[in-house]
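Readers should treat all values here as calculations from the given coordinates under stated rules, not as data from a laboratory. Everything numeric in this text was worked out from a predicted model, so none of it was measured. Methodologically, a virtual Cβ is constructed for each residue, glycine included, from the backbone with ideal geometry; neighbour enumeration extends over all protein chains shown.
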Amino acid sequence: MARFVKNFADKEGLLPFHRRAIAKVINYSSRLVEDQTKLSTQFQEISKILVESSYWAKRENCQYVDAPHVVKALTEKSNRSNHVIEQYRELIKNGTIMVETDGYRIGQINGLAVMGTRDSVFGIPTKITAQTYVGKSGIMNIEREAALSGQIHNKGMMILTGFLSGEFAKNRPIPLSASITFEQTYSQIDGDSASSTELYVLLSSLGEVPIYQGIAVTGSVNQWGEIQPIGGVNEKIEGFYHICKERGLTGKQGVIIPKQNVANLMLEDEVVEAVREGRFHVWSVEHIAEGIEILTGVRAGNIRDENGQYPSNTIFAKVEDRFKKMYESLKEQKK
């Protein structure tokens, strides 16, 4: 990469690049490919940054391109193409799109999605809500019922039923009816990157345990409750960070990501600094039990004792108690 920068600068008559500047270019290259251990071959995109970095260095009458000039080029590139995300953040700021970044709510959580234009990709938070009640209809995906859900998203919803059945209904059927939806979304939804988020909000509703709204979640989940990696992790974290910054950072806010995605983290310097100072957080988890403890501050208690019971006053115990009450209620209705 250093050789490419040197050859391109010589060929195009650019100022020479200091090694600090080359380090920033390498970071940008790794961000393009979303992997800390790899470099992108999108040399056309990298070349644009080299040209603009040299321009800003010449404007300051510098003899070479340094790290701040590369940062300036990247910032200006982002500013030229962030019209859509600025509009979206304005809608959140004025309350048109309802997203909470503080306080506790039962059956409500912030999921993270990625949107993109031709020139930019950005992450946005989406409120996901769940209602649970006695019945036999299972989990109703409102997006699917409204023909707004893709096949992969539908598969993710079915996995939730598999997890709940395997964890809480080995000996009898689940007497559950539930509805779950992405609030204020009016276009097609697909992908399973929010399936862990949907499971968290279901557990919150079933156990009647509130979730802290200053934490957003991304990650897929399997039937064993294991968290699986997703794409767009940098954009998702940065998108929620900027919303929280606009509202005011509390020091408790952050994003939960799959542990496998740690290798994909190439975050903006501002976000890295906020995490380093404890003003914002990024948690990596392997299992749904880890995430629910971070979101609620309540012990998950997902390991049964020798009598086959979950530890008392834990989230899994509360969910199982709710299922028992639902089952008894359904039996009474049949009499």
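General remarks:
- The chain: angle of helix 67-80 to the longest principal axis, Cα-based, in degrees nearest 10: 60 degrees
- Taking a straight Cα-Cα cut-off under 19 Å and skipping sequence neighbours fewer than 8 places away in the same chain, the aspartates and glutamates within cross-link reach of Lys136 are Glu145, Glu167, Glu320, Asp321, Glu328, Glu332.
- Whichever lysines have a C-alpha closer than 28 Å to that of Lys24, once near sequence neighbours (fewer than 8 apart) are set aside: Lys6, Lys11, Lys38, Lys48, Lys58, Lys72, Lys77, Lys236, Lys245, Lys259
- Calculation over all alpha carbon pairs of segment 2-80 in 5 angstrom steps from 0 returns a P(r) of 3, 17, 30, 27, 16, 5, 1 percent.
- The label point for Gln42 and the one for Lys245, both projected 7 Å from the Cα toward the Cβ, are 2.1 nm apart.
- Report note on the peptides 129-135, 174-180: ranked by the mean count of other C-beta atoms within 10 Å, highest first, their order is 174-180, 129-135.
- The length gained by stretching the chain between Glu208 and Ala2 to full extension, at 0.36 nm per residue less their Cα-Cα distance, is 68.6 nm.
- Length released on extending from Arg80 to Ile26, taking residue separation times 0.36 nm less the Cα-Cα span: 17.2 nm
- Between Gln260 and Met158, the simple spin-label model (points 7 angstrom out along Cα→Cβ) gives 2.0 nm.
- Acute angle (nearest 10 degrees) that the helix 151-168 long axis makes with the longest principal axis of the chain, alpha-carbon atoms: 50 degrees
- Taking 16 Å as the cut-off, the amide N atoms of segment 255-281 that come nearer than this to a point 7 Å along the Cα-to-beta-carbon line of Asp35 belong to 260-266.
- Rounded to the nearest 10 degrees, the angle from helix 2-12 to the longest Cα principal axis of the chain is 50 degrees.
- Ordering of 316-328, 72-84 by packing [mean C-beta count within 10 Å, highest first]: 316-328, 72-84
- Computed over segment 86-334, the alpha-carbon pair-distance distribution with 5 angstrom bins reads 1, 6, 13, 18, 20, 17, 11, 7, 4, 2, 1, 0, 0, each value a whole percent.
- Peptides 236-243, 304-311, ordered by how many other C-beta atoms sit within 10 Å of their residues on average, highest first, read 236-243, 304-311.
- For Glu273 and Glu286, the difference between the fully extended length at 0.36 nm per residue and the C-alpha to C-alpha distance is 2.2 nm.
- In segment 86-334, the DSSP beta bridges split such that about 60 percent are antiparallel, to the nearest 5.
- Here each label is just a point 7 Å from Cα along the line to Cβ, and for Lys93 and Arg304 those points are 5.3 nm apart.
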